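Computed from the coordinates by the stated procedures, all read-outs in this text should not be read as laboratory data. What you see is a predicted model; the values in this text were computed from it and never measured. For neighbour counting, all protein chains shown are included, and Cβ atoms are generated from backbone atoms with ideal geometry for every residue, glycine included.
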């Protein structure tokens, strides 16, 4: 009778490679890790043995000995938001270039999910944590600092880790000034719950400063949960359409992110308002869909790849002890990308 059960194949070990190449285990280890002190002829012999045997170093075992992994935990606010999805891709690419693997934790903007995610990352002995969003929950701070794990905040902020971000207040002012220069005099600020509070406050401050400098006001704040027909306008529940109709209507909107801006474009289509004829809209982030011909959103662009590259460079340097001392803050410039969602207002 033929035994058809699969035969378990033994994976080659470092000892097998050493025997095959006729060298010591430590010599194989030095070649694998790229350390000096091994002749080129011996190095070639070891590499040939590795290739012939199909040897793969046991990364986990080596990291357990070193008491450190090469995994970076990445805390993401909501992967349904295209800004976070694009940032996550850039972070993963730049982490790999520095020899790190990214492990993602999607919190959906919930502080309890954030804390649970950070605890899981720490259980996996991550070498550092990259926050693409942070709720501000002090429990997350205590948990991370208790484990003495380096943290970097990319496109968000906190005072207990390195920060790589844009100046949100400058961005808020830039987007609002664009509307003012187009001739708009009644401009609303639109936010949705998914935006991190700290970024929202800074962008609101920039919006208010632009109005004040132009002698315009008062500020008009809309807090909206799309696709609802009602919103909180200056703290009072009102039909959203009312903001854009009547004598004192808003003709321009600075939205705190592109998700809010594109949702407002969809609302305008639904109620038969024309963009930019009836209302001009400026977003923040410059997500890929903002450039689609049908959307053509004017927006304040965050340089995602630059943010990711500098963030990974910062956390890697902390882990590798190339960067020491108190937390550092790196500010990256924003820019305005003008498209077809803004125009001068129509005469009343």
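The gain in end-to-end length when the residue 205 to residue 142 segment is fully stretched comes to 19.8 nm, 0.36 nm per residue minus the alpha carbon separation.
Sorted ascending by nearby beta carbons within 10 Å, beginning with the fewest, 254, 131 become 131, 254.
Neighbour counting of Cβ atoms within 10 Å sorts the residues 197, 167, 286, fewest neighbours leading, into 197, 167, 286. The ranking of 79, 240, 35 by Cβ neighbour count inside 10 Å, starting from the fewest, reads 35, 79, 240. Working value for segment 76-205: equivalent-ellipsoid semi-axes of 31, 16, 13 Å, each the square root of 5 times a Cα gyration tensor eigenvalue, largest first.
A viscosity of 1.567 mPa s and a temperature of 4 °C, combined with the Kirkwood radius over Cα pairs in Stokes-Einstein, give a translational diffusion coefficient for segment 132-237 of 83 µm²/s.
Shown for segment 119-176 is the translational diffusion coefficient from the Stokes-Einstein equation, using the Kirkwood radius over Cα pairs, a temperature of 10 °C and a viscosity of 1.306 mPa s: 127 µm²/s. If you run the Gaussian network model on the chain, springs between alpha carbon atoms under 10 Å, then out of 323, 307, 121 the most flexible one is 323.
Only DSSP H runs of four or more residues enter the estimate; each adds -39500 (n - 2.57), and after division by the residues of the chain the mean residue ellipticity at 222 nm equals -12000 deg cm²/dmol. Mean silhouette area of segment 263-340, derived from the convex hull of its C-alpha atoms and averaged over all directions, reads 6.6 nm².
Of all the C-alpha pairs in segment 219-268, what % are more than 19 Å from each other? Of all Cα-Cα distances in segment 219-268, 15 percent exceed 19 Å. Note on segment 14-57: the C-alpha convex hull projects to 2.5 nm² when averaged across all orientations. In the chain, the longest principal axis of the Cα atoms and the axis of helix 40-53 are about 80 degrees apart.
Rounded to the nearest 10 degrees, the angle from helix 82-97 to the longest Cα principal axis of the chain is 30 degrees. Rg of the Cα atoms in the chain, relative to 2.2 N^0.38 Å, amounts to 1.30. What angle, in degrees between 0 and 90 and rounded to the nearest 10, separates the Cα long axis of helix 258-270 from the longest principal axis of the Cα atoms of the chain? In the chain, helix 258-270 runs at an angle near 50 degrees to the longest axis. Taking the centroid of alpha carbons for each part, segment 64-114 and segment 267-282 are 36 Å apart. Pairs of C-alpha atoms in segment 168-303 farther apart than 18 Å represent 48 percent of all such pairs.
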